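Data first, discussion second: the structure below is written as structure tokens.
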Amino acid sequence: MSELDDQIPTTFDPFAEANADDSGAGSKEYVHIRIQQRNGRKSLTTVQGLKKEFSYNKILKDLKKEFCCNGTVVQDPELGQVIQLQGDQRKNVSTFLVQVGIVKKERIKIHGF
């Protein structure tokens, strides 16, 4: 009977590590840049995971001026403050954040199609 007990597999969740990595907005200090499809050709770029010390409104103002687009800062209960920009600005935002020195290139994750 003891041999049978040794062969019973324990509960293993293959997605436990993936869920642990993605839990919360500031997990492992990554900045997530995502795109959301609105309707037709319209899209929305979201930036989340910036440090709380930064002034989101000043960053938003510079992004809007640099890329000639509109945007807003949204307060999300789970993710904290999220910057939203009109259009597909993923590459522009990532290069801007690196050039200004807000975040290092290794800490940026770009999501989307």
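The values are calculated or read from the model by the stated rules, or taken from the named source; none is laboratory data. Bear in mind that the values here come from a model prediction, so they are computed numbers and not experimental data. Don't worry about glycine lacking a Cβ; one is built from the backbone with ideal geometry, like all the others, and counts go over all protein chains shown.
General remarks:
- Matching entry among Gly101, Gly49 (being touching a His at 6+ places or on another chain (Cβ under 6 Å) and at pLDDT below 95): Gly49
- Condition met for Glu78 (assigned to a loop (DSSP other than H, G, I, E, B), touching a residue at least 40 places away in the same chain (Cβ under 8 Å) and either in contact with a helix residue (DSSP H, G or I) (Cβ under 9 Å, 6 or more places away or on another chain) or not small (Gly, Ala, Ser) (or both)): yes
- Scope segment 35-75; condition without any contact (Cβ under 8 Å) to a residue 40 or more places away in the chain and part of a strand (DSSP E or B); matching residues: Gln36, Gln37, Thr46, Gln48, Gly71, Thr72, Val73, Val74, Gln75
- Per-region count, segment 84-103, residues in contact (Cβ under 8 Å) with a residue 24 or more places away in the chain, in a helix (DSSP H, G or I), more than 14 Å from Leu60 (Cβ to Cβ) and not small (Gly, Ala, Ser): 1
- Only one of the numbered conditions (1) loosely packed, with under 12 Cβ neighbours inside 10 Å; (2) within 15 Å of the chain's Cα centre (by Cα) is violated by Val47, and that is (1).
- Apart from one condition, Gln86 fits all of (1) modelled with pLDDT of 95 or more; (2) out of contact with any Cys (no Cβ under 6 Å at 6 or more places or on another chain); the exception is (2).
- Residue satisfying all of: in segment 25-44; surrounded by 12 or more Cβ atoms within 10 Å (Cβ to Cβ), farther than 19 Å from Asn92 by Cβ and touching an Asp or Glu at 6+ places or on another chain (Cβ under 8 Å); modelled with the highest pLDDT among these: Ser27
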